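Have a look at the structure below before the remarks.
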Amino acid sequence: MTNRFSFGNGAALLQRLGSVIGLLLLLIALSVLSPDFLNAGNLLTVLRQVSINALIAFGMTFVILAGGIDLSVGAILAFTGAITAGVMASGHGMLLAIGVGLGLGLLLGVINGVLVSWGRVAPFIATLGTMTLLRGLTLSYTQGQPIGVSNNSFALLGDGYIAHLIPNPVVWMFGVFLLCAFLLRGTVFGRHVFALGGNEEAARLSGVRINAMKLGVYGLSGLLSAFAGIVLTSRLYSAQATAGSGYELDAIAAVVLGGTSLAGGRGWLFGTLVGALLIGFLNNGLNLLGVSSFYQQVVKGAVILVAVLLDRRK
């Protein structure tokens with residue numbers, strides 16, 4: 001009995017660390033194939049690019065762990081970024097603009113939660129609808145044109161550096177990761193997220209407030225998407241109407257590659273961070289190797305399919 005138990009724990013640990021092992025193997029392979037890969041400037045550039053996807057993916061992790069899905073994250077990023085830039089362009093201060101953007105992201109996430117919980121709409125359909133709606137609102141608000149940002153203090157959020165070395169978006173990424181990791185593993189809310197995704201009816205019978213939990217996870221996803229949109233707007237010095245297109249798929253891919261089950265109830269936030277890094281370094285390595293962007297999509301799609309198949313096997 002002891003041997004079987006130990007073997008089971010070892011297999012589970014190996015499954016959980018699969019993404020970490022995959023990332024290490026990828027880093028070794030790319031460092032051998034491209035002499036420019038391990039350049040400090042290149043690595044920091046990749047981390048800055050990864051940060052936006054990671055911020056969105058952290059919120060997506062909570063949603064998927066709770067048994068849902070959120071396709072609206074990219075659209076929330078674009079809409080809140082445009083509103084934030086628009087508030088500043090109209091003469092208001094940076095803090096007010098950021099507050100409006102974050103509050104709007106939280107509200108939009110809660111609306112998704114209301115549709116899923118009280119509206120009994122399937123998460124895929126509910127968030128697909130809000131994604132389409134918000135894309136239209138963003139295009140209407142911006143008239144398809146970028147909204148420039150000239151506030152230097154705001155620009156530091158996404159374009160500044162710590163000690164003239166570490167990009168601020170990388171600092172935000174790791175800071176939000178630590179906060180979300182504590183929320184998931186060190187609070188009652190986090191335990192209820194796992195319970196909800198593991199067995200909703202059992203969670204209900206155990207006293208978990210199902211509807212409130214769904215509002216919470218979707219609200220958190222919307223809030224982090226808005227924050228990612230603000231950081232991206234700051235980095236680009238403008239809000240783009242088409243910003244965030246396809247980001248929802250990259251976020252879901254990061255979560256799945258990190259070992260979180262699409263069925264909910266099983267996963268870890270560190271795996272999501274590793275998954276986001278894996279996607280970022282894979283894209284960067286293929287660029288350095290001169291691989292066509294068309295084939296890059298093929299490679300990334302194949303990696304995601306393998307990750308999903310392994311999840312189904314587990």
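The values are calculated or read from the model by the stated rules, or taken from the named source; none is laboratory data. Small disclaimer: the values here were computed from a predicted structure and weren't measured. FYI the Cβ positions are ideal-geometry reconstructions off the backbone, even for glycines, and counts take in every protein chain you see. Ligands, DNA and RNA are excluded from the accessible area calculation, which covers all protein heavy atoms including side chains. Shrake-Rupley method; radii C 1.70, N 1.55, O 1.52, S 1.80 Å.
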One residue is enough: does the range 210-222 have a residue meeting the conditions more than 21 Å from residue 189 (Cα to Cα), out of contact with any helix residue (DSSP H, G or I) (no Cβ under 7 Å at 6 or more places or on another chain), open to solvent by 10 Å² or more (accessible area, probe 1.4 Å) and assigned to a helix (DSSP H, G or I)? no
Notebook entry, point to check: Within the range 258-271, is even one residue of a type in the set (Lys, Arg) and within 27 Å of residue 155 (Cα to Cα)?
Noted result: no
Expected single match for crowded, with 20+ Cβ neighbours inside 10 Å and closer than 27 Å to residue 94 by Cβ among 158, 175 is 158
In the range 193-209, anything open to solvent by 60 Å² or more (accessible area, probe 1.4 Å) and part of a helix (DSSP H, G or I) is listed as 200, 201, 204, 205
Within the range 22-74, of all residues that are within 16 Å of residue 246 (Cα to Cα), assigned to a loop (DSSP other than H, G, I, E, B) and of a type outside the set (Gly, Ala, Ser), the one least open to solvent (accessible area, probe 1.4 Å) is 70
task: Could you please let me know if residue 19 is of a type outside the set (A, V, I, L, M), buried (at least 24 other Cβ atoms within 10 Å of the Cβ) and either modelled with pLDDT under 95 or over 22 Å from the mean Cα position of the chain (by Cα) (or both)?
output: yes
Quick check on the range 292-302. Is at least one of its residues aromatic (Phe, Trp, Tyr), surrounded by fewer than 22 Cβ atoms within 10 Å (Cβ to Cβ), under 30 Å from residue 138 (Cβ atoms) and touching a residue at least 40 places away in the same chain (Cβ under 8 Å)? no
